[in-house]
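See below for the structure under consideration.
The values are calculated or read from the model by the stated rules, or taken from the named source; none is laboratory data. As the structure is a prediction and not an experimental result, all values here were calculated from the model. Methodologically, a virtual Cβ is constructed for each residue, glycine included, from the backbone with ideal geometry; neighbour enumeration extends over all protein chains shown. Surface areas here come from the heavy atoms of the whole protein model, side chains and all, with no ligands, DNA or RNA. Shrake-Rupley method; radii C 1.70, N 1.55, O 1.52, S 1.80 Å.
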Amino acid sequence: MGVDIEHLKQWVGKTESRSDQATPTPIAALSATLDRDDPLLKPGDPVPPLWHWLYFLPLHRQSAIGPDGHAQRGAFLPPVPLPRRMWAGGRLEFIRPLRIGEVMTRTSRIVKVSTKQGRTGPLVFVLVRHEVAGTGSVALTEEHDIVYRENPQPGAPAPAPQVAPGDHAWAREIRPDDVLLFRYSALTFNGHRIHYDRRYVTEVEGYPGLIVHGPLIATLLLDLLRCNRPHATVSRFVFRAVKPLFDVTPFSVCGRLEGDGKTVKLWAKDAEDWLAMDATATLA
């Protein structure tokens, strides 16, 4: 499938702004989904890091949804003519906590559109920068990496996996299932069919099972830190998706505090100990 990269680059600089209010019910719902036993947050309580993803939901009309469950391309995001789309990673700076009751605005901008030839065909990378501001000041900035690619050809070899680190101090096993993935899709109003439509994901996109959301894995990594260092303040978080995780086997989130007392290495691995996501949190 041909990619006109010069046409797609015309989306660079395009902006979008959304407003929302940090309410407690989505926080309580995600807490239940992650099997946490948290009290209901009150006005003024801080929103946990990454849980801003529960807000600014993509409220596209049903008639604007494409065949994969995402919004049709060409509005804010460029119309990349490749079928597979993945949240490949991100970099976040937490300047101050968002708080329950706060009215927020997220301003998003397409920073870069690029392409390269991958092992199975062309890849298109889109970099989106978000800035989330609340009452009077910016709370966080986020760089969001999106990658588009072709569906693999039958019999095409899989990329060589990477062994996960073995020296964790904390670990938690996660058993993903249809309900967990559906609940997270519902909370984030994510219609992408790869997370809940087994027939679509196996027969159309060729995966072995439902795919665990990249932001859910990232949230579970920071939740592991939160459980083991409940009073720590995260100032920066960087994550990179390495290998997809599916609902057919358990996976683990792991981590350790480095010797400097500020750097936390976090990673997710599949049931065969292959690295699925690599992340680093920096403590204030």
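Please report the net charge: other residues with Cβ closer than 11 Å to the Cβ of Ile110, K and R +1, D and E -1.
Details: positive: Lys9, Lys14, Arg109, Lys112, Arg129; negative: Glu16.
The answer is +4.
Select one label from [x] 42, 21, 17; [y] 36, 22, 16; [z] 28, 24, 19: the one whose number is semi-axes √(5λ) of the Cα gyration tensor in Å as derived from the coordinates shown.
Entry [z].
Show me the trypsin sites (Lys or Arg not before Pro) within the stretch 5-113 that DSSP assigns to loop and that have at most 12 other Cβ atoms within 10 Å of their Cβ.
Passing both the DSSP loop test and the Cβ count: Arg61.
Run the numbers for Val138 and Thr202: contour at 0.36 nm per residue of separation, minus the present Cα-Cα distance, in nm.
Working: separation 64, 0.36 × 64 = 23.04 nm, distance 4.16 nm.
My answer for the length gained is 18.9 nm.
Running a GNM on the chain with Cα contacts under 10 Å, which residue among Val248, Val126, Val179 ends up with the highest mean-square fluctuation?
Between Val248, Val126, Val179, it is Val179 that shows the largest mean-square fluctuation.
Kindly state, to the nearest 0.05, the FRET efficiency for Arg18 paired with Asn228, given R0 = 45 Å and r defined as their beta-carbon distance.
Computed FRET efficiency for Arg18 and Asn228: 0.85.
Of the cross-linked pairs Lys243/Lys265; Lys9/Lys112; Lys14/Lys112; Lys112/Lys262; Lys9/Lys243, which ones have a Cα-Cα span greater than 19 Å in the structure shown?
Lys112/Lys262; Lys9/Lys243
How would Asp197, Asp68 line up by accessible area, probe 1.4 Å, largest first?
The residues order as Asp197, Asp68, largest area first.
In the Gaussian network model of the chain, springs joining C-alpha atoms below 10 Å, which of Leu77, Leu180, Leu59 carries the largest mean-square fluctuation?
Result: Leu59 has the largest fluctuation of those listed.
With a probe of 1.4 Å, find how much accessible area the chain has per residue, and write the answer as a whole number in Å². Let's see the in-between values first.
Details: 13950 Å² over 284 residues.
Value for the chain: 49 Å² per residue.
In the stretch 140-233, carbon and sulfur make up what percent of the accessible area (probe 1.4 Å)?
53 percent
Given a 1.4 Å probe and heavy atoms of the protein chains only, how would you sort Ser252, Ser108, largest accessible area at the top? Don't jump to the answer; show the numbers that get you there.
Values: Ser252 25, Ser108 0 Å².
Result of the area sort, largest leading: Ser252, Ser108.
Provide the net charge surrounding Ser17, with neighbours chosen by a C-beta distance below 12 Å and charges set as Lys +1, Arg +1, Asp -1, Glu -1.
Counting the neighbours of Ser17, the net charge comes to +1.
Using the alpha-carbon centroid of each, what span in Å lies between the stretch 26-100 and the stretch 173-251?
Their Cα centres are 12 Å away from one another.
Tell me the mean residue ellipticity at 222 nm calculated for the chain from its helices only (DSSP H runs of n ≥ 4, each -39500 (n - 2.57), averaged over every residue, nearest 500).
The helix contribution divided over the chain gives -4500 deg cm²/dmol.
Name the residues of the stretch 35-69 whose amide N is less than 16 Å from a point 7 angstrom out from the Cα of Thr25 along the C-beta direction?
Only 40-43, 54-57 fall inside the zone, counting backbone N under 16 Å.
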